[in-house]
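The values are calculated or read from the model by the stated rules, or taken from the named source; none is laboratory data. In this text, all values refer to a predicted model and were calculated from it rather than measured experimentally. Note that each Cβ is placed from the backbone with ideal geometry, even for glycine, and that neighbours are counted across all protein chains shown.
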Amino acid sequence: MKLFHAPASPFVRKVMVLLHEAKATDRVTLVPASGSPLDPGTLPVDRNPLGKIPALERPDGPTLYDSRVISRYLDDLLQARLYPAAPRLWDTLVIEATGDGIAEAAVLMRYEVHLRPETTRSPAWVDAQWQKIARALAALEDRWMSHLSGPPDMGQIAVACALGYLDFRHADRPWRTTHPVLAAWYATFDARPAMRGTAPDA
Ligand code: BEZ
């Protein structure tokens with residue numbers, strides 16, 4: 001299988017963490033892909049019309065996207081058991097969606113500052129993205145810590161990859177002081193070999 005990949009993407013990282021946790025990194029060949037909303041570059045637009053990564057080309061069916069679809073597929077294929085049975089599954093999926101939402105807002109903030117000329121940037125729009133992230137961090141800290149402290153699952157992986165992306169691209173916005181319990185959980189989860197083996201470079 002081919003995984004269209006960029007190490008900085010928190011969504012690609014989710015899939016890579018799953019593969020590490022399942023000890024199955026040898027099941028995919030990484031294909032470097034990079035681009036932006038303004039220029040698809042080497043993103044696999046012929047396989048994913050949305051031009052987004054990760055995308056997983058497999059021998060026995062259409063290319064899969066996005067990270068949640070690929071994660072469900074690989075979890076089933078590898079019997080990784082990172083999606084528990086219902087009813088715990090519904091919590092895992094909400095937490096995964098929350099982590100992905102944090103990562104989406106953080107990537108949009110990065111695009112706004114990185115891709116737009118300074119004169120056309122909207123500080124209010126960037127701030128609205130950060131407010132979304134702040135609400136999601138508060139929800140994780142207030143509602144989901146007991147789940148996050150349970151057996152590893154894709155909800156935890158999505159949150160950890162999102163927090164890693166905040167540190168990677170938005171280090172100027174400290175989140176730990178306002179969310180100390182989440183920060184303590186992340187310090188432990190981030191030490192897992194699967195997280196250490198997938199950390200984006202500067
Ligand atoms: C980044 O460089 O921040 C990035 C790269 C790929 C996807 C999303 C973000």
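Summary table below
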quantity	calculated
Residue match in segment 149-168 (condition: surrounded by fewer than 16 Cβ atoms within 10 Å (Cβ to Cβ), in contact with a Phe, Trp or Tyr (Cβ under 8 Å, 6 or more places away or on another chain) and assigned by TED's automatic domain parsing to the domain that holds Tyr111)	yes
Top-ranked residue of segment 6-15 - restricted to ones that are surrounded by fewer than 24 Cβ atoms within 10 Å (Cβ to Cβ) and aliphatic (A, V, I, L, M), ranked as farthest from Ala199 (Cα to Cα)	Ala6
Lone qualifier among Leu74, Leu3, Leu19 - being modelled with pLDDT of 95 or more, within 16 Å of the ligand (Cβ to nearest atom), buried (at least 16 other Cβ atoms within 10 Å of the Cβ) and farther than 19 Å from Glu104 by Cα	Leu3
Single condition Leu166 does not satisfy, out of (1) within 25 Å of Leu38 (Cα to Cα); (2) more than 13 Å from the chain's Cα centre (by Cα)	(2)
Every residue from segment 174-201 that is aliphatic (A, V, I, L, M) and either farther than 21 Å from Ala8 by Cβ or out of contact with any helix residue (DSSP H, G or I) (no Cβ under 8 Å at 6 or more places or on another chain) (or both)	Val181, Leu182, Ala183, Ala184, Ala187, Ala191
Residue match in segment 30-52 (condition: among the β-branched types (Val, Ile, Thr), surrounded by 20 or more Cβ atoms within 10 Å (Cβ to Cβ) and at negative phi)	no
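Okay, residues lined up against (1) closer than 27 Å to Ile70 by Cβ; (2) part of a loop (DSSP other than H, G, I, E, B); (3) among the basic types (Lys, Arg); (4) free of Cβ contacts under 8 Å to residues at least 40 places away in the same chain:
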{"site": "Thr92", "(1), (2), (3), (4)": "yes, no, no, no"}
{"site": "Ala106", "(1), (2), (3), (4)": "yes, no, no, no"}
{"site": "Trp130", "(1), (2), (3), (4)": "no, no, no, no"}
{"site": "Ile157", "(1), (2), (3), (4)": "yes, no, no, no"}
{"site": "Gly164", "(1), (2), (3), (4)": "yes, no, no, no"}
{"site": "Ala171", "(1), (2), (3), (4)": "no, yes, no, yes"}
{"site": "Asp201", "(1), (2), (3), (4)": "yes, yes, no, no"}
